[in-house]
Amino acid sequence: MNRSADIHFNSDGVPVSNQFDDIYFSVDSGIDESQYVFLQQNGLPDAFKSLPSHYEFVVTETGFGTGLNFLLCWQAFIEHAPRDCRLVFVSFEKFPLSREQLEQAYEALPTLRALCEQLLAVYPAGDEGCHRLLLADGRVTLDLWVGDIEQQLPQFVAQARGQVDRWFLDGFAPAKNPQMWQSFLFSAMAATAHQGTRYATFTAAGVVKRGLQGAGFTVAKVKGFGRKRDMLCGAFEATDAPQKAALKTEPVAIIGGGIAAASLSLALQRRGVNVTVTSRGVADAASGNPQGAVYPLLHAEKTPLSQFYLHAFSTAVSAYLPWREQHWFPGGVLQPAFNAQRQQRAEKIAAGLYDPQTVSLQPAGDTAAGLEIGTSALHYARAGWLRPAAMVKELFNKAGISVGISDRPQVDVQQKTVIAAGHCSGDIVAAFSGQKLSIHPVRGQITQVEATDATASLKQVLCYKGYMVPADNGLHCIGATFNRGDDSSDIRADDDSENLASLKDCAQQPWANDLTIISQRASVRATTPNHQPMIGRVQDNLYVFSGLGSRGLTAAPLLAEILAAQLSGGLQPLATDALERLQPR
């Protein structure tokens with residue numbers, strides 16, 4: 001299934017939809033039209049200049065298209081808004097352009113090249129759902145909802161009530177795309193509005209005018225852009241509409257020193273929250289391994305868990321981008337189909353279940369890995385590996401956090417406190433709340449082996465039953481064992497043997513033989529019965545951030561965004577049912 005938009009480019013280099021027979025932006029001047037219709041008629045950028053301290057300004061758009069409206073809004077916000085304010089731009093798109101299509105479209109927008117390149121660097125694959133992308137050092141967030149807006153919008157509304165400051169009603173004209181311009185859209189606008197909410201749209205069609213009026217919005221007909229005679233703009237006029245406040249910035253204490261605590265510290269710091277962190281150590285547990293893979297967990301059928309990791313992966317790519325080639329190496333991940341069962345699974349996954357930009361089936365004999373693997377393999381082109389311990393320290397440094405070291409961190413019940421202490425989180429929560437959470441230990445040991453002349457050429461992470469990461473400073477990380485219910489971090493020679501035997505048995509290649517062990521490390525993961533992470537409020541002032549299992553590096557940035565929004569009162573990403581599955585239990 002091809003999820004990309006069906007388009008062609010006209011002689012002016014402007015993309016045109018073959019399905020809707022309509023252009024994506026004005027042939028005369030797409031930039032001027034967008035600025036006039038969606039910014040100027042919405043009182044922007046003037047409204048940015050007068051935002052209160054720590055305000056989160058939310059724009060919601062119908063029809064992302066080339067992202068032109070977003071790029072111009074981003075540009076104006078950075079130029080005019082106070083530095084302690086945030087922009088969250090939410091956009092819905094049923095047929096997203098591919099990265100290659102966007103690159104070609106952006107050739108017609110040379111004045112926005114710098115922003116275009118930043119967006120392209122994090123632009124997600126077209127898998128359905130909400131992809132949260134972090135830009136401009138966290139000041140700008142893009143929530144790109146892929147899929148039919150009639151299905152996606154109710155999931156957004158549930159956590160956006162009273163949050164939206166501006167609506168950009170874009171997309172193809174009502175005559176070309178009548179399915180979008182229906183009552184569900186106008187009802188959603190009213191449900192998410194507050195006393196200062198405004199909108200603007202390029203169209204003056206009667207169905208749009210009547211829909212807006214029926215939902216409680218004023219309607220003003222003003223001069224359209226260029227050859228268009230009229231357009232509409234207005235504001236929400238309901239007297240009982242809520243007032244929107246700035247983000248809550250009361251201090252938050254975090255107990256934990258791993259990827260969860262570090263990601264949350266930075267997310268809160270970006271919202272103006274003063275954070276203190278206490279832990280027995282920094283990256284001293286599961287986040288302390290020398291190397292770790294970052295890629296989505298995909299199943300041979302769509303499941304809530306695979307959907308979560310698709311979206312988490314998008315956020316992770318954007319979160320780690322500033323450290324690319326320093327501690328983040330997105331060279332790709334391969335899952336070789338090393339037996340008949342894995343071959344069948346790979347074929348199902350690659351047969352249109354997910355966007356091909358997320359995963360594709362690489363034929364046997366392909367040389368992308370740099371090593372002979374002898375089988376076909378699932379290829380995650382945008383995935384890669386991290387230096388976890390180094391990344392945790394970088395995130396704390398970026399947040400301006402000096403971690404307080406204590407063997408017995410204390411919880412102040414009068415202050416908002418987040419327990420992000422891995423598999424120990426359940427015991428700490430129980431000690432201070434009496435509630436027992438389903439967080440369980442799983443011990444794992446990794447083995448570091450010396451790179452050989454053959455293995456030194458490995459370019460991508462290989463994931464069999466375990467994994468092998470490209471050499472870093474002459475060493476490969478291989479692992480990891482999986483011992484349920486075991487909370488010991490002692491080193492075991494049998495585990496090294498198990499790691500090497502697993503690699504040798506699965507790879508069935510000469511390069512996997514006779515590898516020399518240099519060192520090893522054991523740590524304990526935190527898991528839950530349904531394998532979903534666990535974040536959120538346990539009781540007043542007590543929150544938990546745990547259960548990340550073996551994929552904490554992929555999940556932590558998105559989970560941190562969700563919990564930071566809960567703590568500060570901002571807009572949460574993801575659908576309602578996905579958020580419910582993350583609740584403490």
Notebook entry, point to check: Asp143: net charge of surrounding residues, Cβ under 15 Å, Lys/Arg +1, Asp/Glu -1, itself excluded?
Noted result: -3
Next item on the list: Taking the Cα atoms of segment 265-324, report the difference between the largest and smallest coordinate on each principal axis, in whole Å and largest first.
Entry: 42, 28, 24
Note to self: Could you tell me the calculated FRET efficiency between Glu347 and Glu237, based on Cβ-Cβ distance and R0 = 51 angstrom, to the nearest 0.05?
What the structure shows: 0.35
Next item on the list: Kindly report the accessible area of the chain per residue (heavy atoms of protein chains, probe 1.4 Å, no ligands, DNA or RNA), in Å².
Entry: 39
Notebook entry, point to check: How big is the equivalent ellipsoid of the chain along its three axes, where each semi-axis is √(5λ) from the Cα gyration tensor, reported in whole Å from largest to smallest?
Noted result: 43, 30, 19
Checklist line | Label point distance in nm, Ala300-Thr576, each placed 7 Å from Cα along Cα→Cβ | finding: 3.4
Checklist line | Total formal charge among the other residues, if their Cβ is under 12 angstrom from that of Thr201, Lys/Arg +1 and Asp/Glu -1 | finding: +2
Check: What is the extension gain from Thr218 to Asn513, computed as 0.36 nm multiplied by their sequence separation minus the C-alpha to C-alpha distance, in nm to one decimal?
Finding: 98.9 nm
Check: Taking a quarter of the surface of the convex hull around the Cα atoms of segment 386-483, what do you get in nm²?
Finding: 9.2
Checklist line | DSSP loop GluC sites (Glu not before Pro) with at most 15 other Cβ within 10 Å excluded, longest remaining stretch of the chain | finding: 1-236
Next item on the list: Calculate how many DSSP beta bridges within segment 7-236 are antiparallel, expressed in % of all such bridges and rounded to the nearest 5.
Entry: 50
Margin query: Quick check: from the Cα gyration tensor, does segment 299-344 come out rounded (a/c under 1.5), prolate or oblate?
Written below: oblate
Margin query: Within 11 Å, Cβ to Cβ, of Cys424, how many net charges do the neighbouring residues add up to if Lys/Arg are +1 and Asp/Glu are -1?
Written below: -1
Check: Considering segment 240-283, what Rg and Dmax in Å follow from its alpha-carbon atoms?
Finding: 13.8, 50
Note to self: Can you return the lysines within cross-link range of Lys248? Criterion is Cα-Cα under 27 Å, with same-chain partners fewer than 8 residues away left out.
What the structure shows: Lys49, Lys393, Lys398, Lys416
Next item on the list: Using every pair of alpha-carbon atoms in segment 7-236, split the distances into 10 Å bins beginning at 0 and state the percent of pairs per bin, rounded to integers.
Entry: 8, 35, 41, 16, 1
Next item on the list: Hand me the trypsin sites (Lys or Arg not before Pro) from segment 414-444 located in a DSSP loop with no more than 15 other Cβ atoms within 10 Å, in residue order please.
Entry: Lys436
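The values are calculated or read from the model by the stated rules, or taken from the named source; none is laboratory data. Keep in mind that what you see is a predicted model, and the values were worked out from it rather than measured. Neighbour counts run over all protein chains shown; Cβ positions are idealised from the backbone, glycine included. Accessible surface areas use protein heavy atoms only, side chains included; no ligands, DNA or RNA. Shrake-Rupley method; radii C 1.70, N 1.55, O 1.52, S 1.80 Å.
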